[in-house]
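Notes for the one structure printed next.
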Amino acid sequence: MARKQRNEIDWTDDEEEIIWVSKSEIKRDAEQLKKLGESLIGLNAVNLAKMPLQENIREAIELAQRLRLEARRRQIQYIGKLLRSVDPEPIQEALDKVENRHNQQQALLHKLELVRDQLVAQGDEALSALIEEYPTLDRQHLRQLIRAAQKEKQANKPPKNYREIFQYLKSMIVEQ
């Protein structure tokens, strides 16, 4: 058996393979975590409580919400540094859920505006279709509001009843 020389390296070891990460990639990841931290700072207390955060990160975010200008920027840097030590995926998923809920609510409100426009334009036809979809709505009250809104539109008066239709639909459909 041949003897190994002192400076000869044994490359047959089954050690873990080292993955090289470029400096630019590290910076991009750090920047993403800073942006995640900024998004978290923009949340209100109720939504922040829904986030799966460690206590030190939560405290840093609450502090950053009170700070302004340069102090806030430094605190965002610190939050990004804290986020490097945890898995950001669950936090990002929870943030997406909170933001998506807002987007869904906005879409529903836009849909209600379209329904209101159809009610004023088409009258009883659109009202019948709406009552079929939402049987808890008060047909008589809605019919009165629609007629008043149509009269307002013809007389070029302020759209008081037009807005009231939206508020009624919002209270009966969205809040249920």
Given charges at beta-carbon only (K, R positive; D, E negative), |dipole| of the stretch 24-86 in Debye: 180
Relative contact order of the stretch 92-176, defined on C-alpha pairs under 8 angstrom at six or more residues apart (%): 30
Overall form of the chain per C-alpha gyration tensor (a/c, 1.5; a/b vs b/c): prolate
Cα long-axis angle, helix 23-41 against the chain (0 to 90 degrees, to the nearest 10): 40
Farthest positive-ward along the chain dipole, Cα basis, beta-carbon charges - from H110, A30, L82: H110
Residue among I146, N156, N47 farthest towards the positive dipole end of the chain, charges placed on Cβ: N156
Least to most buried among S128, S24 (fewest other Cβ within 10 Å first): S24, S128
Close Lys-Lys pairs in the chain, where close means Cα under 15 Å and separation is 8 or more or interchain: 7
Calculated FRET value between R68 and H102, using beta carbons and R₀ = 22 Å, to 0.05: 0.30
Net dipole in debye of the chain [+1 Lys, Arg Cβ; -1 Asp, Glu Cβ; about Cα centre; nearest 20]: 1240
Efficiency of FRET between S39 and Q77 - r from beta-carbon atoms, R0 25 angstrom, step 0.05: 0.95
Helix 55-66 vs. the chain, principal-axis angle (Cα, 0 to 90°, nearest 10): 60
The stretch 99-175, dipole about Cα centre (Lys/Arg Cβ +1, Asp/Glu Cβ -1), debye to the nearest 20: 360
Separation between Cα centres of the stretch 144-168 and the stretch 80-95, rounded to whole Å: 49
Rounded to 10°, Cα long-axis angle of helix 124-133 versus longest principal axis of the chain: 50
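Only the coordinates and a few stated rules stand behind these numbers; no lab work does. Small disclaimer: the values here were computed from a predicted structure and weren't measured. When we count neighbours, we look across all protein chains shown, and the Cβ atoms used for this are built from the backbone with ideal geometry, even at glycine.
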